[in-house]
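The structure appears right after this line, and notes come after that.
The values are calculated or read from the model by the stated rules, or taken from the named source; none is laboratory data. Here the structure is a predicted model, which is why all the values come from computation and not from measurement. Using ideal geometry, Cβ is built from the backbone for each residue, glycine included, and neighbour counts are taken over all protein chains shown.
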Amino acid sequence: MWAAMFSGRHSVQREEDGSYFIDCDGTHFRYILNYLRDGGFRNDKQPSDVTIVRELLTEAQYYHLRGLVTVLKDIRESDGS
């Protein structure tokens, strides 16, 4: 989805400062950004709260981030949720 958004096939509006507005939950988006920047989660940045993992999994599925979906499912299963 990210590649499609910025591929040029879609009109994506830039803000005046050159940034892009992405309408999402900022609480969860920080985990997504960290995952994308680092290519995974560092131990100190991995979500541990069961509710956050479940909600973040929904976000990752929405954005079609298959690798993140797999990681979150593994976290969820290791916690027995």
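Across the stretch 22-70, which residue is surrounded by the most Cβ atoms within 10 Å (Cβ to Cβ) among those that are farther than 23 Å from Ala3 by Cα and among the polar types (S, T, N, Q)? Show your work before the answer.
Pass one, the stretch 22-70, residues farther than 23 Å from Ala3 by Cα: 42-54.
Cutting the leftovers down to among the polar types (S, T, N, Q) gives us 43, 46, 48, 51.
Numbers: Asn43: 5, Gln46: 15, Ser48: 8, Thr51: 9.
Only one residue tops the list, namely Gln46.
Restricting to the stretch 22-44, name every residue that is among the hydrophobic types (A, V, I, L, M, F, W, C) and at pLDDT below 80.
Ile22, Cys24
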For Leu56, are the conditions met, namely being within 10 Å of the chain's Cα centre (by Cα) and under 17 Å from Ser78 (Cβ atoms)?
yes
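Name the residues in the stretch 10-50 that are acidic (Asp, Glu) and farther than 23 Å from Ser78 by Cα, would you?
If the condition is that a residue be acidic (Asp, Glu) and farther than 23 Å from Ser78 by Cα, then Glu15, Glu16, Asp17, Asp23, Asp25 are the ones that fit.
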Just one listed residue, out of Tyr35, Tyr63, is in contact with a helix residue (DSSP H, G or I) (Cβ under 7 Å, 6 or more places away or on another chain), touching a residue at least 60 places away in the same chain (Cβ under 8 Å) and on the phi < 0 side of the Ramachandran plot, and it is Tyr63
Just checking, how many residues over the stretch 1-48 are closer than 18 Å to Gly67 by Cα and among the basic types (Lys, Arg)?
4
Need pairs with beta-carbon distance below 7 Å; first residue closer than 14 Å to Tyr63 by Cβ and within the stretch 1-29, second of a type outside the set (A, V, I, L, M) and surrounded by 10 or more Cβ atoms within 10 Å (Cβ to Cβ); sequence gap 6+ or separate chains.
Met1/Tyr63; Met1/His64; Trp2/Tyr63; Cys24/Glu59; Asp25/Glu59; His28/Glu55; His28/Glu59
